[in-house]
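The values are calculated or read from the model by the stated rules, or taken from the named source; none is laboratory data. Being a predicted model, the structure only gives us computed values, none of them experimental. Positions of Cβ are backbone-derived with ideal geometry, glycine not excepted, and every protein chain shown enters the neighbour counts. With ligands, DNA and RNA removed, areas are computed over all heavy atoms of the protein, side chains included. Shrake-Rupley method; radii C 1.70, N 1.55, O 1.52, S 1.80 Å.
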Amino acid sequence: SSQPYDLVVGCDGVNSIVRKAMEAEHPAFETTSTKLPGQFKVIKLDQIPSSVDPLAVSLILPKAGRTTAFVEPTDTTGGCCILFASSSTDDEGILTNTVNVTAMHESLTASFPQWGENTLRDVATQLMAQTKAGSASSVVCNTYNYGGRAVLAGDAAHATGGVSGQGVNSALQDSVVLANAIRSHRNDLPKALLEYSKKQ
Ligand SMILES: Cc1cc2nc3c(=O)[nH]c(=O)nc-3n(C[C@H](O)[C@H](O)[C@H](O)COP(=O)(O)OP(=O)(O)OC[C@H]3O[C@@H](n4cnc5c(N)ncnc54)[C@H](O)[C@@H]3O)c2cc1C
């Protein structure tokens with residue numbers, strides 16, 4: 001269906017369909033999206049393992065294998081964990097095994113023995129429930145606006161795939177700068193969007 005609109009803000013992430021539409025419509029708009037090596041799965045931890053600092057983002061190298069873990073606290077006790085393998089070959093099967101519980105348990109125990117039985121069991125269950133590991137991409141655009149009708153913000157406009165650790169902050173910054181530009185040029189959207197695009 002089609003709807004009338006004044007302005008489309010494409011804040012729809014790294015695989016933005018707004019960006020793809022802008023690319024199709026606007027010959028001068030150039031964008032490059034590059035799939036980064038490696039794969040990951042994200043799981044929720046009800047409790048941060050006692051061996052991990054509950055107040056810090058921790059990179060935990062495995063005792064065996066090649067899958068590393070980022071543990072990020074999200075509240076007073078719990079957090080999330082990104083299990084990441086930089087190579088697409090996942091020899092120990094932590095990111096690809098979805099059928100063999102025993103093999104998964106053995107791989108996790110060999111990699112992160114310090115996490116303890118209960119955490120490892122929970123991690124194994126969550127990993128095996130996710131059929132496919134994700135991958136990250138970087139995005140670069142030569143401009144973020146298309147006249148005064150469409151504009152990109154956050155990962156839709158620029159993404160590093162998480163390696164900078166700044167993606168959320170820069171997406172928030174985009175929204176503030178865009179809002180200020182629109183407020184300053186309320187009756188001239190093309191000018192507002194161009195100002196935002198140049199600043200960001
Ligand atoms: C593995 C990994 C680790 C990361 N670690 C960090 C970190 O430690 N610190 C950090 O700052 N950043 C990190 N990032 C980057 C961070 O996640 C992003 O930069 C940030 O989420 C970008 O915010 P966004 O709002 O632009 O996009 P997103 O968070 O992707 O939000 C886009 C939203 O749009 C929705 N959407 C998409 N298409 C449509 C549609 N057609 N209709 C309606 N809704 C739609 C999506 O569902 C989603 O909710 C990491 C990224 C990855 C991949």
Set of aspartates and glutamates near Lys191 by C-alpha distance (under 18 Å), chain-local residues within fewer than 8 positions excluded: Asp6, Asp174
Coordinate range along principal axes, alpha carbons of region 52-200, Å, largest first: 64, 33, 22
Span per principal axis, largest first, for the Cα atoms of region 39-129 (Å): 33, 24, 21
Rounded to the nearest 10 Å², the accessible area of Thr109 at probe 1.4 Å: 50
Helical mean residue ellipticity (222 nm; -39500 (n - 2.57) per DSSP H run of 4+; nearest 500) of the chain: -9500 deg cm²/dmol
Region 39-129: relative contact order as a whole-number percent, Cα under 8 Å and 6+ apart: 31
Computed magnitude of the charge dipole of region 39-129 (debye, nearest 20; Cβ of K, R +1, Cβ of D, E -1): 100
For region 106-118, Karplus couplings with θ = phi - 60° (6.51, -1.76, 1.60), whole Hz, Gly/Pro x: 5, 5, 5, 5, 5, 7, 10, x, 6, 7, x, 4, 5
Partner aspartates and glutamates for Lys20 [C-alpha distance under 16 Å; skip if fewer than 8 residues away on the same chain]: Asp12, Glu30, Asp155
Residue among Thr96, Thr143, Thr76 with the largest mean-square fluctuation in a Gaussian network model of the chain, springs linking Cα atoms under 10 Å: Thr76
Cβ-placed point charges (K, R +1; D, E -1), dipole of the chain about Cα centre in debye, nearest 20: 460
Dipole-positive endmost among Val42, Val163, Ile60 within the chain (Cβ charges, Cα centre): Val163
Karplus-derived 3J(HN,Hα), 6.51/-1.76/1.60, for each residue of region 185-200, Hz, glycine and proline x: 10, 3, 9, 9, 4, x, 5, 4, 6, 5, 4, 4, 4, 5, 5, 8
Local net charge near Glu72, Cβ-Cβ under 15 Å (Lys/Arg +1, Asp/Glu -1): -1
Surface accessible to a 1.4 Å probe, His105 within the full protein complex, Å²: 50
14 Å beta-carbon shell around Asp122, net charge (K/R +1, D/E -1): +1
Computed accessible area, Ser164, all protein chains, 1.4 angstrom probe, square angstrom: 60
